[in-house]
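First the structure, in the form of structure tokens, and then the observations on it.
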Amino acid sequence: MSIKSTKINPDKFHISQWKFYVILLALSTFMILPIIFMFSQALKPMDELFLYPPRFLVHKPTMENFGDLMSQTSTTLVPITRYLFNSVIITGSVVLLTCLVSAMAGFALSKKNFMMKKVIFEANIIAMMFVPAAVMIPRYFIIETLGLTDTFLGHILPLLALPVSVFLVKQFVDQIPDSLLDAASIDGANDFVLFRKIIFPMIMPALATVAILAFQLAWNNIETSVIFMNDENLKTFAFYMNTLTSKLENNVAGQGMAAAAGLIMFIPNLIIFIFMQSKVINTMAHSGLK
Amino acid sequence: MTNQRKNTLTGLLFISPWLIGFLFFMAYPIYSSLKMSFEKVFITPEGIQSEFVKLDNYQYALFKDPYFMDEVFNFTKTVILMVPIVVIFSMIVALLINQPIKMKGMFRAVFFLPVVISSGAVINELFAQGAGTIPMVEQYGIVTMLKDSLGPGLADPIIEVIQKFILILWFSGVQILIFLAGLQKINRSIYEAAAIDGASPWETFWKITLPGLKPFILVNLIYTTVDLFTNSVNDVIKLIKENMFKIETGFGYATALSWIYQGLILLILLVIFFFFRNKEGKKERKLGYRKPRVKRGTVS
């Protein structure tokens with residue numbers, strides 16, 4: 001065992017590895033269960049949804065719930081594509097800007113010296129644990145004074161100040177040795193080159209995580225649509241789905257549609273995850289962060 | 001000196017976009033919510049009006065509100081139990097994935113999945129459908145057994161933890177990732193050296209892996225605590241939100257509640273920091289400082 005662990009990866013399956021596989025496979029099942037559950041719930045016909053005791057997997061899968069949901073959507077004034085377009089623009093800009101802004105902030109907080117650095121980082125930690133609901137009304141005043149109500153910026157800007165992302169990135173930048181940066185700057189790299197050529201590639205795993213978190217925050221965000229937007233044309237897809245299902249929540253027929261809507265909202269999360277996680281993992285293997 | 005000034009300037013330049021956003025959308029709102037917590041806020045058709053009521057909100061929350069403090073204490077007990085479980089679980093998973101096995105990539109992806117599950121919409125849905133509990137626990141009388149032997153005060157949070165065990169595992173995505181990054185940072189040659197010296201895997205874990213992971217354990221403890229305290233399935237936050245739109249209590253009272261809650265989270269984090277700072281300092285004095293000195297001596 002101790003000798004084997006010095007090798008990085010075995011070429012083929014070895015019999016002594018079985019114990020890892022057993023534990024890992026058992027735990028992986030737990031991890032995948034909720035996703036299977038989401039799918040099977042959305043595909044369940046009415047009688048299976050209300051079965052007691054509830055059944056985990058669907059027996060007679062049907063697309064009925066999605067059909068019901070579609071017939072609901074055709075009754076509103078604003079076309080569904082408009083909501084989708086809004087959501088795509090907003091989510092895209094939030095993800096890109098959050099990554100850039102928090103990478104820059106993390107770099108500065110970790111490797112630069114300036115006054116109030118400690119205070120800023122501590123303020124960030126405090127903000128990170130602040131109950132988000134409590135800043136809702138003050139934020140509304142700010143959005144209003146800045147004249148951002150009924151603009152895309154009103155959706156995007158409040159979500160950019162994501163304290164968790166700065167925290168994560170800063171912790172990753174901390175792990176990059178100073179000597180590496182010193183060596184680069186002796187070779188004539190200025191701070192922008194340092195940032196782009198060394199810091200950015202090295203904190204890729206953290207940034208991919210930040211991107212996943214930011215995506216979820218923006219994609220599932222309902223609050224900015226409810227509070228800052230009066231114009232129906234500027235509201236998000238999540239908001240739209242929410243109005244559809246909240247109307248139906250208490251009636252029996254709505255349960256299936258709610259599950260279908262939940263699945264539709266969840267699938268982009270899953271796609272982004274599959275796309276980003278390979279980035280997280282690949283860069284982690286080759287990052288040379290040692 | 002000029003070099004240092006340049007350093008300061010670029011630092012400020014890099015942080016300014018984030019700082020401006022932070023001041024507008026975090027710092028100021030937090031400040032004004034602090035102000036509101038001392039006021040009674042009315043939302044009227046003409047706009048929002050407020051009236052200064054000194055400490056009334058806090059007094060009511062701490063001594064009169066029938067639900068709030070109970071809810072906070074129960075939740076805190078659960079979190080204190082859950083945090084170590086999440087951190088230890090994610091460390092074990094990270095260690096397992098870091099082993100020389102095949103299909104590493106797939107396992108890593110699967111264990112990173114909780115990141116998409118545990119946030120907002122999905123977990124709410126699962127909760128609503130009752131997927132987060134293990135029915136077996138109740139069936140086999142573990143609940144009653146625990147209650148008899150420990151008394152309800154101690155047993156309740158433990159039972160809650162057992163019932164939510166699957167849920168706990170779903171909160172460990174980012175933590176596993178952080179631990180994996182930490183494990184890859186530990187130099188492989190140290191392991192080789194230890195193996196040549198005849199160290200068992202058990203000893204290697206305690207003497208090399210765990211000290212190497214220490215900074216990451218701290219990061220994970222903080223992350224997990226914050227994550228659990230602020231996620232959307234949290235009963236206390238639900239209560240705060242409810243109070244926000246009640247006519248008798250209103251937004252001012254709700255912000256007072258969130259400040260009390262905030263203070264509690266801060267206290268817990270300070271305790272975590274305190275323990276870790278101390279231990280880390282001692283370890284460094286014992287191990288870390290001696291090595292570089294020897295190295296420097298031999299090189300020069």
Could you tell me whether any residue of segment B:87-98 is at pLDDT below 80 and at the interface with chain A (Cβ under 7 Å from one of its Cβ atoms)? no
Conditions (1) in contact (Cβ under 8 Å) with a residue 40 or more places away in the chain; (2) aromatic (Phe, Trp, Tyr); (3) within 12 Å of another protein chain (Cβ to nearest Cβ); number of the one not met by residue B:18: (1)
Determine whether residue A:170 is among the basic types (Lys, Arg) and in contact (Cβ under 8 Å) with a residue 60 or more places away in the chain. yes
Determine whether residue A:142 is crowded, with 17+ Cβ neighbours inside 10 Å, modelled with pLDDT of 80 or more, in the same structural domain as residue A:217 (by TED's automatic domain parsing) and more than 16 Å from the chain's Cα centre (by Cα). yes
Given (1) buried (at least 19 other Cβ atoms within 10 Å of the Cβ); (2) hydrophobic (A, V, I, L, M, F, W, C); (3) more than 26 Å from residue A:113 (Cα to Cα), where does residue A:264 come up short, assuming only one miss? (1)
For segment A:89-101, indicate whether the set of residues that are more than 30 Å from residue B:265 (Cβ to Cβ), assigned by TED's automatic domain parsing to the domain that holds residue A:204 and touching a residue at least 24 places away in the same chain (Cβ under 8 Å) is non-empty. yes
Inside segment A:140-167, can you point out the residues that are within 9 Å of another protein chain (Cβ to nearest Cβ) and free of Cβ contacts under 8 Å to residues at least 60 places away in the same chain? A:141, A:142, A:146, A:157, A:161, A:163, A:164, A:167
Flagged in segment A:166-187 as among the charged types (D, E, K, R) and outside any helix (DSSP H, G or I), in numbering order, are A:187
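Taking only segment A:174-212 into account, find how many residues are among the β-branched types (Val, Ile, Thr) and either buried (at least 21 other Cβ atoms within 10 Å of the Cβ) or within 8 Å of chain B (Cβ to nearest Cβ) (or both).
Residues that pass the stated criteria total 5.
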Tell me, please, whether a residue that is over 28 Å from the mean Cα position of the chain (by Cα), farther than 30 Å from residue A:105 by Cα and small (Gly, Ala, Ser) can be found in segment B:61-74. no
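The values are calculated or read from the model by the stated rules, or taken from the named source; none is laboratory data. Just so it is clear, the model here is predicted, and its values are computed rather than measured. Because the Cβ atoms are built from the backbone with ideal geometry, glycine has one as well, and the counts that use them run over all protein chains shown.
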